[in-house]
Amino acid sequence: MSRADRFFRYLLRLFPAEFRGDFGDQMAATFSDQRRHELARGGFMGALRFWWDTVRGIMATAPREHLDVVCRDVGFALRTLRRQKGFTAVAVLALAVGIGANTAVFTIVNGVLLQALPYQDPQRLVLLFEQLPSVPIKFGFSPPDFEIVRDLARSYSGFAAYRNVGLELSGVSTPQRLDGARVLPGLFAVLGVGPAIGRALTEDDDRQGARVAMVSHNLWTQTFGRDPSLVGRTISLDGRPYTVVGIMPDSLVFPPRKPGLNGRPADVFVPMSFSPSERQAFGMMYNNTVVARLAPGVSIEQARAELSTLVPALTDRYPAFLQAFTARLSIPITPMLDETVGGSRRLLLVLMAAVSLVLLIACADVAGLILTRSASRQRELAIRSALGATRMRIVRQLVTEAVVLAAAGSAAGLLLAYWLMRALLSLAGEKLPLTESIGFDYRIVLFAVALALITPLAFGIVPAIRAARATIGDGLKETTRTPASGRRPLSLLGLLVVGQFAVALVLSVGAGLLVRSFVRLVQTDPGFRPAQTVRATMTLPIGRYNTPDQVKAFYQRSIDAARTIPGVLSIGAGSDLPLGVRDRRAFSADPSAQQIPSQSRLIAPTWTAGSYFDALGIALVRGRFFTDTDGPRSERVVIVNDRLARLLWPDADPVGRRIRWGLDIAENQNPWMTIVGVVGNVKQTGLDTPAIEQVYVPLVQDDAGGPLLRTVNVVVRSTRDGASLITDIRGVLRALDTDLPAMLQTLQDMIGASVQPQRFSLMVMVLFAGLALTLAAFGVYGVLANSVAQQAKEIGIRVALGASRGNVIWLVLRRALALTSIGLAIGGAGALAATRAMTGLLFEVRPTDAASFLGAAVCLALIALPASLVPAWRATRVDPLVALRTE
């Protein structure tokens, strides 16, 4: 029996038992048949309309006495809550915060982790990579490796590749720099998607290198105004004409957004068209992502096993001088969704757990409020019991009030969730994968409704049962002279506060760990000085800059133009910048160098022009920088970083030694380059990633940079602030080429963007910890305020017998101290266990960091202190004459 059928039978309980016995089975069978019919005919919305009509019909025909009782309970609950506006407002606010935060985070978790990728049978899609043991990251396939594996593999029904490229769109109102993708024509067949208008790329397009393109629905909408005649028209990409042959559907975002290789959604798709030189690029160009569809009946384990058997056949195709380099090559394979989500899974699960704890604290707060409130309602409940109300009837009324509170909290929380979700996505920026899948839909509403149904069980059932268990005599004795009459609920209230403090401490320790980790991260030396420095990044279109000399000339012209800007101190340009060095190349050194394994001979190369090192503030360790004498016809020179110098010449001066591209074999004919300087290490990919060996080559001496040099990074250091400098740089660069888009950014903003994932996790955890601490403070305040109210007679007696203000304050504070101490002890033990899940999110901080634990405990104690002092101060204001008037 499906869940829908079971729910329908539950609704039938509104009818008498005799009616259910005669007609229940027939009605359930009819409902099941009609539900399947509506689902098949109208999809989800048709089934939803059918559900609404069914529930409305049952409610209209059910015996009125059941509905009347429910309506009376709800009406009474609304009137009761309206009379106690302060209690209602605080309870609804606490639940709105807890439910809203949970719904917001679940919206992100749903979009990133739970939603299937928008392709046909996405669970059958896998991504393939290549990897060497000496390289800690996976890299893409080279063109020849792709073709070899594609021809040999038998575990796949489809096999394709793609890679991101930058493309300049001109001939429109405003030139744009687009994220594009070169794709093999079978890619969209592998994904199981096709164009919404026009046709897909074909084998003939790829084989002939045809200048045809498919555009995304987003580009078609924003730039071309959804003009259907765009198919068949020509657009200008990188200064070359391309014919648009298709427009992709609105639902397709490809490649899926993710950090790392080929993770930028494309606006334009063009044929891959491997050139003859690319097809022979063994040992180079590992930048193509391979996506494959598993054949029917083939598991990923079987596919993985087959790939391991193909490695020898792949490496045998390599030239003999490269086979030692690839001897330990492997081909990792992972499900496409797992690879796309990557390291975000741990972060999002930690955040979901954290926000769930916030909801628990909110529920404990409301339960404490209800318990405190029930003490003042004992007389009312006792009278109702004396008039014939059963305990179950009283429990139902109190639970109804809890459900009304939860419904109001969920409605407010749903509004809060949308705002909070937008704020969280703004904090995450583009570092969070699959953000295009995140949004409010019926699943999110159902999740909020589920919380509205579950939370009353968490905060309403126990107080309701406890209140209903009070006897008639207990209720009537509330007006007698028993000084401790209100103390019985305090043990449960105290337990709730202890739980709140324990949970708040766990969240506070987690936030403290992330704060210390982030501080360590931003204090890490990046190897350059970002202050008062701006970068301008442009990619030169091959249509207008189709020779190496034209590319090199633009580098120099951009440097010369920037020199005219007032306040400039130094200017340089390079093929890449710190925190964005992606290329890796094999190299060899002269015989004076220390021998290292062939698999370790990969370094990061950067081609430079002008005063690149001065503009970036990279320190010179020994030797010299490049000068104007290092021209195209002079001795080839190179600058290495300190890490490479220590690796190859740990006990000697590397200046004057030589290196060259390629492995140290007889076939290597690349020219030697003399080391003229050693510079400090810079972070190539991220502040949390160790620097690797790097070399810098003068651009004018380049004969191996190739397409990489089309990305021009101009760096300008000045005495001015970044905002005004950016305006001037944009102006001089636009004068050089009016159709060339440029991305300008201060280096400080560049560093900030690199730590955006860590900042996101930090801000969210601090937010949730702050909410938990605030709610816990309300909890301890409520318990102590209730304690003072219930012990007013006892306090009055103590004051009448000569107790001082200090004695009265200590009477209240010692209870707060006891609750706080127990909560800290339990929370500390919980934090030791829980924070181990955060290991992958921390930088140079251990999950057991004592400073984080101590800081969180002190913070919690400081929050509890003012929350305790207010009731303690009120206790000193108790008038013994008023308190003893009933004695």
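Structural remarks
- Sole exception among (1) closer than 26 Å to L184 by Cβ; (2) assigned to a loop (DSSP other than H, G, I, E, B) for L314, by number: (2)
- Residues being under 37 Å from the mean Cα position of the chain (by Cα), more than 28 Å from F159 (Cα to Cα) and at pLDDT 80 or above are entirely absent from the stretch 319-336.
- Residues located in the stretch 714-729, provided they are surrounded by fewer than 15 Cβ atoms within 10 Å (Cβ to Cβ) and either closer than 19 Å to G610 by Cβ or in contact (Cβ under 8 Å) with a residue 40 or more places away in the chain (or both): T719, D721
- Residue match in the stretch 547-559 (condition: part of a loop (DSSP other than H, G, I, E, B) and open to solvent by less than 10 Å² (accessible area, probe 1.4 Å)): no
- Subset of the stretch 607-638 [under 21 Å from P530 (Cα atoms) and open to solvent by less than 20 Å² (accessible area, probe 1.4 Å)]: W607, T608, A609, Y612, F613, A615, L616, G617, I618
- Number of positions in the stretch 730-749 that are assigned to a helix (DSSP H, G or I), under 28 Å from the mean Cα position of the chain (by Cα), surrounded by fewer than 19 Cβ atoms within 10 Å (Cβ to Cβ) and touching a residue at least 40 places away in the same chain (Cβ under 8 Å): 1
- Output for the stretch 299-331, where each listed residue is open to solvent by less than 30 Å² (accessible area, probe 1.4 Å) and either over 14 Å from V149 (Cα atoms) or not aliphatic (A, V, I, L, M) (or both): T315, Y318, L322, F325, T326
- Annotation note: Cβ proximity below 7 Å between a residue of the stretch 71-82 that is closer than 14 Å to V395 by Cα and in a helix (DSSP H, G or I) and a residue that is open to solvent by 10 Å² or more (accessible area, probe 1.4 Å) and of a type in the set (D, E, K, R) (sequence gap 6+ or interchain) occurs for D73/R396.
- Residue within the stretch 516-524 that is surrounded by 23 or more Cβ atoms within 10 Å (Cβ to Cβ) and of a type outside the set (S, T, N, Q) present: no
- Scanning the stretch 639-658 for any residue that is open to solvent by less than 40 Å² (accessible area, probe 1.4 Å), under 25 Å from V551 (Cα atoms) and modelled with pLDDT under 95 turns up nothing.
- Boolean, N262 is closer than 30 Å to K431 by Cα, polar (S, T, N, Q) and assigned to a helix (DSSP H, G or I): no
- In the stretch 410-432, the qualifying residues are those that are closer than 25 Å to F254 by Cβ and either modelled with pLDDT of 80 or more or assigned to a helix (DSSP H, G or I) (or both), and the one that is most open to solvent (accessible area, probe 1.4 Å) is R422.
- Among the residues making up the stretch 270-318, those that are within 22 Å of Q131 (Cβ to Cβ), over 32 Å from the mean Cα position of the chain (by Cα) and free of Cβ contacts under 8 Å to residues at least 40 places away in the same chain are A305, S308, T309, V311, P312, T315, D316, Y318.
Okay, residues lined up against (1) within 18 Å of L434 (Cα to Cα); (2) of a type outside the set (A, V, I, L, M, F, W, C); (3) open to solvent by 10 Å² or more (accessible area, probe 1.4 Å); (4) modelled with pLDDT of 90 or more:
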site: Y242; (1), (2), (3), (4): no, yes, yes, yes
site: I247; (1), (2), (3), (4): no, no, no, yes
site: L261; (1), (2), (3), (4): yes, no, yes, no
site: P271; (1), (2), (3), (4): no, yes, yes, yes
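- Test: residue in the stretch 648-668 that is among the β-branched types (V, I, T), under 38 Å from the mean Cα position of the chain (by Cα) and over 29 Å from R557 (Cβ atoms): no
- Subset of the stretch 587-608 (residues that are farther than 28 Å from V755 by Cα and either of a type in the set (F, W, Y) or touching a helix residue (DSSP H, G or I) at 6+ places or on another chain (Cβ under 8 Å) (or both)): F587, A589, A593, Q594, I596
- Test: residue in the stretch 646-666 that is within 25 Å of P578 (Cβ to Cβ), free of Cβ contacts under 8 Å to residues at least 60 places away in the same chain, in a loop (DSSP other than H, G, I, E, B) and among the aromatic types (F, W, Y): yes
- Spans of helices (runs of 4 or more DSSP H) in the stretch 147-227 with at least 2 residues under 33 Å from the mean Cα position of the chain (by Cα) and crowded, with 18+ Cβ neighbours inside 10 Å: 187-191, 217-222
- Identity of the residue in the stretch 830-845, open to solvent by 70 Å² or more (accessible area, probe 1.4 Å) and closer than 21 Å to R759 by Cβ, that ends up modelled with the lowest pLDDT: T839
- Remark: pairs (first residue in the stretch 410-435, closer than 20 Å to V90 by Cβ and among the basic types (K, R); second residue buried (at least 19 other Cβ atoms within 10 Å of the Cβ) and modelled with pLDDT under 80; Cβ separation under 6 Å; 6+ apart in sequence or on different chains) are absent.
- Scanning the stretch 267-298 for residues that are farther than 19 Å from L314 by Cα and in a strand (DSSP E or B) gives V268, F269, V270, P271, R293, L294.
- Filter result for R207 (charged (D, E, K, R) and in contact with a strand residue (DSSP E or B) (Cβ under 8 Å, 6 or more places away or on another chain)): no
The values are calculated or read from the model by the stated rules, or taken from the named source; none is laboratory data. All values reported here derive from a predicted model rather than from experimental measurement. Methodologically, a virtual Cβ is constructed for each residue, glycine included, from the backbone with ideal geometry; neighbour enumeration extends over all protein chains shown. Ligands, DNA and RNA are excluded from the accessible area calculation, which covers all protein heavy atoms including side chains. Shrake-Rupley method; radii C 1.70, N 1.55, O 1.52, S 1.80 Å.
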